[in-house]
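*Asks:* Mind looking over this structure? Questions follow.
The values are calculated or read from the model by the stated rules, or taken from the named source; none is laboratory data. Every value quoted in this text rests on a predicted model; they were computed, and no experiment measured them. Cβ placement follows ideal geometry from the backbone for every residue including glycine, while neighbour counts extend to all protein chains displayed.
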Amino acid sequence: MKRFALWAVLVASLSANLATAAVALRQRSAAPSNEPLLFSKVTLDPDQRSRIAELRSRHIATRDEHARKLAELRARLAGAMMHQAESPAAIDAILRSIADAQTGFQQAVVEHVLSVRGVLRPDQRPAFEEIVAEQMRTGGPMPCGFGPAPGRP
């Protein structure tokens, strides 16, 4: 039963990742502008723009590191499934590592959103919170993620 539950988590994780990638690709093709959604909905002063841009840079670095770690773990999982199929403990350990890494990334996103929210004045927060709520419902990128990273299509 435990093994089935872990496989179910893996399948759910892979499905969620594919869905997220599909949404991101759809939104990237639908919104060619690099202008942050946040900037189009909330008027920021120059200091706020600068502070949020710095938060974004740090978040992008964190996001990229999480993506590399998850890719490495998924490669290890694929290898374990092919070469260690008779060792469910090894596979289970990798699945737990993947779940931990995904949780870590989700925590980083939450911390980033809260940091951006902290830069905003109280009168700016309702529009930001509306954007965040919509993106959370649809699975799109967070408004403080600003769409594509610099230098990316």
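*Asks:* Being among the β-branched types (Val, Ile, Thr), surrounded by 12 or more Cβ atoms within 10 Å (Cβ to Cβ) and at pLDDT below 90 is the requirement here; does THR20 meet it? Outline the logic, then answer.
*Replies:* Numbers: among the β-branched types (Val, Ile, Thr): yes; surrounded by 12 or more Cβ atoms within 10 Å (Cβ to Cβ): yes; at pLDDT below 90: yes.
The answer is yes for THR20.
*Asks:* When region 43-57 is examined, which residues are found to be touching a residue at least 24 places away in the same chain (Cβ under 8 Å) and aliphatic (A, V, I, L, M)?
*Replies:* First, the residues of region 43-57 that are touching a residue at least 24 places away in the same chain (Cβ under 8 Å): 43-44, 48, 51-52, 55-56.
The answer is LEU44, ILE52, LEU55.
*Asks:* Given the criterion in a helix (DSSP H, G or I) and among the acidic types (Asp, Glu), identify the matching residue among GLU65, GLU86.
*Replies:* Working: GLU86 fails: in a helix (DSSP H, G or I).
Result of the check over GLU65, GLU86: GLU65.
*Asks:* In region 58-101, what residues are among the polar types (S, T, N, Q) and either free of Cβ contacts under 8 Å to residues at least 12 places away in the same chain or on the phi > 0 side of the Ramachandran plot (or both)? Please lay out each step first, then the result.
*Replies:* Restricting attention to region 58-101, the residues satisfying the condition of being among the polar types (S, T, N, Q) are 62, 84, 87, 97.
Those that are among the polar types (S, T, N, Q) and either free of Cβ contacts under 8 Å to residues at least 12 places away in the same chain or on the phi > 0 side of the Ramachandran plot (or both): GLN84, SER87.
*Asks:* Considering region 29-61 alone, what residues qualify as being modelled with pLDDT under 90, part of a helix (DSSP H, G or I) and of a type in the set (Ser, Thr, Tyr)?
*Replies:* Correct list: SER29, SER40.
*Asks:* Now, a different point. Search region 110-121 for residues being assigned to a helix (DSSP H, G or I) and in contact (Cβ under 8 Å) with a residue 40 or more places away in the chain, and hand back the single one that is nearest to GLY79 (Cα to Cα).
*Replies:* Looking only at region 110-121, we keep the residues that are assigned to a helix (DSSP H, G or I), and these are 110-119.
Among the residues that remain, those that are also in contact (Cβ under 8 Å) with a residue 40 or more places away in the chain are: 112, 115-116, 119.
Numbers: HIS112: 33, SER115: 38, VAL116: 39, VAL119: 44 Å.
Checked region 110-121; the qualifying residue nearest to GLY79 (Cα to Cα) is HIS112.
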